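Asks: Take a look at the following structure, please.
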């Protein structure tokens, strides 16, 4: 079964890169350190282990397919620059 997840890496980029390479994760990150993934059950267990070790946080974002890969679904979100 495939799961779409958003994770936030809480470690430096060198360690992120090493873990991505070791676990065969895509080498992509958003500007704020999030990564949007579609993972199988085995990889999800690895990510849950990373969470337990304090390396990542799961974010509850709905992901959709875009021409640029998986991205958060911003449909209906109001993005303003008001206080």
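Asks: What list do you get for 64, 56 if you sort them by fewest beta carbons within 10 Å?
Replies: Lowest to highest Cβ neighbour count: 64, 56.
Asks: Okay, moving on. Between residue 68 and residue 41, what is the label-to-label distance in nm when each label sits 7 Å out along the Cα-to-Cβ direction?
Replies: 3.4 nm
Asks: Mind pulling the angle between the C-alpha long axis of helix 41-52 and the longest principal axis of the chain? Nearest 10 degrees, somewhere in 0 to 90.
Replies: 90 degrees
Asks: Compute the orientation-averaged projected area for region 3-72 from the convex hull of its Cα atoms and round it to one decimal in nm².
Replies: Computing the convex hull of the Cα atoms and averaging its projections yields 4.4 nm².
Asks: Over the chain, calculate the relative contact order: mean separation of alpha carbon pairs under 8 Å at least 6 apart, over the residue count, as a percent.
Replies: Relative contact order, the chain: 37 percent.
Asks: Calculate the spin-label point distance for residue 17 paired with residue 55, positioning each point 7 Å from the Cα along the beta-carbon direction, and give it in nanometres.
Replies: Label-label distance for residue 55 and residue 17, simple model: 1.6 nm.
Asks: Could you give the angle, 0 to 90 degrees to the nearest 10, between helix 13-23's Cα long axis and the longest principal axis of the Cα atoms of the chain?
Replies: 60 degrees
Asks: Related question: Using just the helices of the chain, give the 222 nm mean residue ellipticity in deg cm²/dmol: DSSP H runs with n ≥ 4 each add -39,500 (n - 2.57), and the total is spread over all residues, rounded to 500.
Replies: -8500 deg cm²/dmol
Bear in mind that the values in this text are calculations on the coordinates, not laboratory data. This structure is a prediction, so every number in the text was calculated from the model and none was measured. Counting neighbours? That spans all protein chains shown, and the Cβs are built from the backbone with ideal geometry, glycine included.
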